[in-house]
Amino acid sequence: MVIGVPKEIRVDEYRVAVTPAGAETLVAAGHQLVFEEGAGIGSGFTDDLYKASGARVAATAEEVWAAADMIMKVKDPIEPEWPRMRSGQVIFTYFHFAASEALTTAVRESGAVAIAYETVELPTGELPLLTPMSEIAGRMAVQAGAKHLEKPGGPGVLLSGVPGVLPGKVLILGGGVVGTNAAKIAAGLGARVAIMDIDLERLRYLDDVMPANVHTLFSTRPAIRKQIEDTDLIIGAVLIPGAKAPSLITVGDLAHMREGTVVVDVAVDQGGCVETIRPTTHRDPVYSMDGVIHYGVANMPSGASQSSTLALTNVTLPYALKLAGHGWRKACSDDPALKRGLNVVDGRVTHPGVASAFECDIELDDVDALIERSVSGAHTTAASRF
Ligand SMILES: NC(=O)c1ccc[n+]([C@@H]2O[C@H](COP(=O)([O-])OP(=O)(O)OC[C@H]3O[C@@H](n4cnc5c(N)ncnc54)[C@H](O)[C@@H]3O)[C@@H](O)[C@H]2O)c1
């Protein structure tokens with residue numbers, strides 16, 4: 001199979017879908033890899049490294065898209081990329097369809113097979129292609145918070161403290177993947193850390209595994225209101241699957257926080273768990289409101305692009321090998337986790353989250369029937385339906 005890896009063209013997106021080591025593995029399995037010139041530069045991987053791995057480097061994105069049976073990307077295709085998608089082509093990337101009806105329509109009209117990293121789901125409910133990005137964002141949240149606690153701009157607080165001076169206080173809302181990773185780093189710095197969650201079993205687990213400077217608290221509004229009064233760094237790490245994050249900290253709460261409190265709302269990509277958060281960028285990551293410093297970067301892992309690219313390829317490569325080795329139909333029939341990643345096939349929507357995401361409900365197709373139908377060739381083409 002020919003696998004194409006275009007350069008990511010979103011502003012501030014420095015990751016690439018496949019590392020040179022990943023390319024070498026796919027080439028060794030008998031596949032042809034085509035990278036767009038400069039695709040890996042943002043992650044520190046030169047074209048020469050890709051050539052040495054046995055891949056080809058093409059001068060333009062158009063060449064990559066035209067040559068590839070399967071495109072591997074990091075972020076969802078944006079408007080200039082839509083005309084490049086074509087019927088039957090597999091596109092394996094983060095899509096987050098529910099956030100964009102226009103993208104959903106474009107992919108349906110193209111007739112491509114869209115397999116979304118974010119909905120590949122193990123029988124345990126774990127989302128293996130999202131986990132590493134949450135791990136990275138959680139760890140970065142403490143680094144970002146620590147930086148913005150410093151002058152200029154911040155209140156001038158050193159999270160670790162020094163002998164004779166108390167360490168800073170970190171409050172983490174949500175003890176899932178982001179929250180746990182944030183807690184590890186904050187605890188390692190020596191901060192006084194509190195994690196809040198509504199899942200008591202999770203809190204029991206965290207209480208068992210976390211060091212002594214991490215405490216757990218059941219998440220209620222009164223408990224949150226009390227904690228925020230003397231916290232230096234608040235990290236928002238809440239997730240309610242398939243829903244907007246709840247506003248755990250309201251605009252009225254800001255008046256009760258200390259001047260210069262830093263809020264890093266990692267959940268900003270789901271609307272945020274702090275009412276006053278809005279998305280920001282790596283170039284301009286913070287703004288101040290009522291004396292509280294807000295950090296709302298929605299693509300935090302891109303800031304650690306090299307680490308993120310390595311972590312992403314670690315988890316996507318096994319699935320890429322299956323897709324390229326067996327074709328998407330057999331790969332998805334054989335692997336229920338990968339099958340859950342199928343979102344759109346030849347214009348038809350196969351994931352319930354996408355079908356119900358927009359005002360005009362889209363018909364949900366049975367994924368097994370669709371795989372079967374595609375095998376027998378008894379399907380209409382996307383072009384004939386739109
Ligand atoms: N900004 C970024 O770049 C970036 C990167 C990765 C992940 N994220 C986002 O970070 C968020 C967290 O992701 P995750 O992987 O840690 O999710 P997760 O499912 O592992 O953890 C979420 C936790 O929130 C808890 N929770 C739910 N309601 C709560 C409440 N009212 N109070 C306290 N806790 C509550 C859940 O019990 C769960 O333990 C998601 O919105 C995810 O999309 C953002």
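A short reminder: the numbers here are calculations on the coordinates, not readings from a lab. The structure displayed is predicted, hence computed values, not measured ones. Here the Cβ is made from the backbone with ideal geometry for all residues, glycine too, and neighbour counts use every protein chain on show.
Worth pointing out:
- Legend: residue pairs 51/73; 244/322; 7/244; 147/169; 7/322, Cα-Cα distance threshold 25 Å; pairs beyond threshold, 244/322; 7/244.
- Cα long-axis angle, helix 305-334 against the chain (0 to 90 degrees, to the nearest 10): 40
- Ellipticity estimate at 222 nm from DSSP helix runs (n ≥ 4, -39,500 (n - 2.57)) divided over the chain, nearest 500: -10000 deg cm²/dmol
- Taken as Cα centroids, the stretch 1-54 and the stretch 274-343 sit 17 Å apart, rounded to the nearest whole angstrom.
- Scattering profile of the stretch 265-346 at q = 0.13, 0.25 Å⁻¹ [log10 I(q)/I(0), Debye over alpha-carbon scatterers]: -0.64, -1.07
- Taking 17 Å as the straight-line reach from the Cα of residue 151, the aspartates and glutamates in range (excluding those fewer than 8 positions away in the same chain) are 232, 259, 284.
- Here the spin labels are modelled as points 7 Å beyond Cα on the Cα-Cβ line, and at residue 281 and residue 9 they lie 1.7 nm apart.
- Semi-axis lengths, Å, the stretch 235-386, gyration tensor of Cα atoms, sqrt of 5 times eigenvalues: 41, 20, 12
- Rg in Å to one decimal, and Dmax rounded to a whole Å, for the chain via C-alpha atoms: 22.3, 75
- At an R0 of 25 angstrom, the distance between the Cβ atoms of residue 198 and residue 99 translates into a FRET efficiency of 0.50.
- The stretch 1-111: projected area of the alpha-carbon convex hull, averaged over directions, in nm²: 6.4
- Three-way shape label, the stretch 131-298, alpha-carbon gyration tensor, a/c 1.5: rounded
- The order of 300, 140, 85, going from fewest to most other C-beta atoms within 10 Å of their C-beta, is 85, 140, 300.
- Least to most buried among 322, 339 (fewest other Cβ within 10 Å first): 322, 339
- Here residue 339 is the anchor, and the aspartates and glutamates within straight C-alpha reach of less than 17 Å, apart from those fewer than 8 places off in the same chain, are 118, 121, 126, 365, 366, 368, 372.
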